[in-house]
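Working notes, beginning with the structure itself.
Just so it is clear, none of the values below were taken in a lab; they were calculated from the coordinates. In this text the structure is predicted, and so the values were computed from the model without any measurement. Reconstructed Cβ throughout: ideal geometry from the backbone, glycine too, with neighbour counts over all protein chains shown.
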Amino acid sequence: MSLPDLDSSVGHSFGLEFDSVVIRQITEVSGLKMEQDVIELKQNTADGKYAIKKLPGRPRAGEVTVTRGLTEDNSFELWIKDSRFGQMANARRNGAVIVYDFEGNAIKRYKLINAWPKSLEISTLKAGDTSVLTEKLSITYESMEVEV
């Protein structure tokens, strides 16, 4: 089901899927971006005037950060372990960030191709603090495709 006219998706309804890596209880996904280089062509016109034209260049790889509350789930640690020890055949995975409508139907998929974890960050540990501990996994990817 698609969204009615003039309706928009909401930011709290999303999911994350990766090949053989189950990622549960995600609180935030940030940095999701599709980007390409820009080529600047500088030239003179037939009448001698200076002109600049912008052309599309090569697509760029990207990086997304996934945040979740710290639990006993060790899927982040196991995944980054593969990349840290050079086992890239195991570390590179395809995945998707899925956005859902109010009824739980997927309305858009942002597919991440050849993604692997770059870093894992644990939030600050502080005596007397009452905030939730989180872990942030930075995932780099070679390309992104959007499916509607």
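Stick to the Cα atoms of the range 14-147, pair each with every other, and give me the Kirkwood hydrodynamic radius in Å at one decimal. So the Kirkwood estimate lands at 17.3 Å.
Charges only on Cβ, +1 for Lys and Arg, -1 for Asp and Glu: so what's the dipole of the chain about the Cα centre, in debye to the nearest 20?
On the way: 19 positive and 22 negative charges, 140 e Å.
Magnitude of the dipole: close to 680 debye.
Using 0.36 nm per residue of separation minus the Cα-Cα distance, give me the extension gain between GLU103 and LYS118 in nm, one decimal. Kindly include the intermediate steps, with their values, before the conclusion.
Values: separation 15, 0.36 × 15 = 5.40 nm, distance 3.40 nm.
That works out to 2.0 nm of additional length.
Pop a pseudo-label 7 angstrom from the Cα along the beta-carbon direction at both GLU40 and GLU72 and give the gap in nm to one decimal. Inter-label distance under the simple model: 5.7 nm. Whole-Hz Karplus values for the range 118-126 come out as 9, 8, 10, 10, 9, 5, 5, 9, 9 Hz, taken residue by residue from phi with 6.51 cos²θ - 1.76 cosθ + 1.60 and θ = phi - 60°; glycine and proline positions read x. Only helices enter the 222 nm calculation for the chain: every DSSP H run of n ≥ 4 contributes -39,500 (n - 2.57), and dividing by all residues gives -2500 deg cm²/dmol, rounded to 500. With a cut-off of 14 Å on the backbone N, the residues of the range 108-131 near the modelled label site 7 Å out from LEU32 along Cα-Cβ are 108-113. Note down the net charge around LYS33, summing +1 for each Lys or Arg and -1 for each Asp or Glu among other residues with Cβ under 10 Å from its Cβ. Once all neighbours under 10 Å are counted, the net charge is -1.
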